[in-house]
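Q: Once you've had a glance at the structure underneath, I'll fire off some questions.
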Amino acid sequence: MELKLVFLIGLGLLGLFLMGGVLFKVFKFSLQLILHVLLGGVLLLLFNIFLGQLGLRIAVNPVTLLTAGLLQVPGVLLLILLHYFFI
């Protein structure tokens with residue numbers, strides 16, 4: 001009975017170790033994504049402040065935040081080009 005309990009505890013610790021690595025990677029990816037989206041939002045807000053006076057405004061919504069966040073400055077330029085050609 002005691003050997004069975006030791007085996008189950010060891011198996012549980014191994015499972016926690018394996019899941020901990022996976023959860024850490026997911027947490028790290030989520031944190032990076034949040035930081036990039038926040039930076040993209042700051043870029044969009046700065047763009048709207050400086051060029052909004054000329055009539056160029058980019059809407060701040062989840063799609064534009066992800067585009068600007070993941071692609072950074074090229075993403076903002078892409079949004080500017082899309083705004084210019086389609087609106």
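The values are calculated or read from the model by the stated rules, or taken from the named source; none is laboratory data. Source: prediction; values computed, not measured. Counting neighbours? That spans all protein chains shown, and the Cβs are built from the backbone with ideal geometry, glycine included. Each accessible area value is taken on the protein alone, full model and side chains, heavy atoms only, with ligands, DNA and RNA left out. Shrake-Rupley method; radii C 1.70, N 1.55, O 1.52, S 1.80 Å.
Q: Scan the range 33-51 and tell me whether some residue there is of a type in the set (S, T, N, Q), under 22 Å from the mean Cα position of the chain (by Cα) and farther than 18 Å from VAL76 by Cβ.
A: For the range 33-51, residues of a type in the set (S, T, N, Q), under 22 Å from the mean Cα position of the chain (by Cα) and farther than 18 Å from VAL76 by Cβ: absent.
Q: Hey, another quick one. Which count do you get for residues in the range 54-75 that are assigned to a helix (DSSP H, G or I), at pLDDT 85 or above and farther than 21 Å from LEU31 by Cα?
A: The total comes to 1.
Q: Could you grab the pairs with beta carbons closer than 9 Å, sequence gap of 6+ or different chains, first residue in the range 44-57 and in contact (Cβ under 8 Å) with a residue 12 or more places away in the chain, second one among the small types (Gly, Ala, Ser) and assigned to a helix (DSSP H, G or I)?
A: Once the first residue is in contact (Cβ under 8 Å) with a residue 12 or more places away in the chain and sits in the range 44-57, its partners that are among the small types (Gly, Ala, Ser) and assigned to a helix (DSSP H, G or I) give LEU44/ALA68; PHE47/ALA68.
Q: Same structure, new question: I'd like to check something: does the range 27-34 contain any residue that is open to solvent by 90 Å² or more (accessible area, probe 1.4 Å), among the β-branched types (Val, Ile, Thr) and without any contact (Cβ under 8 Å) to a residue 12 or more places away in the chain?
A: Checked against the condition, which is being open to solvent by 90 Å² or more (accessible area, probe 1.4 Å), among the β-branched types (Val, Ile, Thr) and without any contact (Cβ under 8 Å) to a residue 12 or more places away in the chain, the range 27-34 yields at least one hit.
Q: Cβ-Cβ under 7 Å, sequence separation 6+ or interchain: first residue in the range 1-23 and among the charged types (D, E, K, R), partner part of a helix (DSSP H, G or I) and modelled with pLDDT of 85 or more. Which pairs?
A: No pair meets every condition.
Q: Out of all the residues in the range 50-75, which are surrounded by fewer than 19 Cβ atoms within 10 Å (Cβ to Cβ) and of a type in the set (A, V, I, L, M, F, W, C)?
A: Across the range 50-75, the qualifying residues are PHE50, LEU51, LEU54, LEU56, ALA59, VAL60, VAL63, LEU66, LEU70, LEU71, VAL73.
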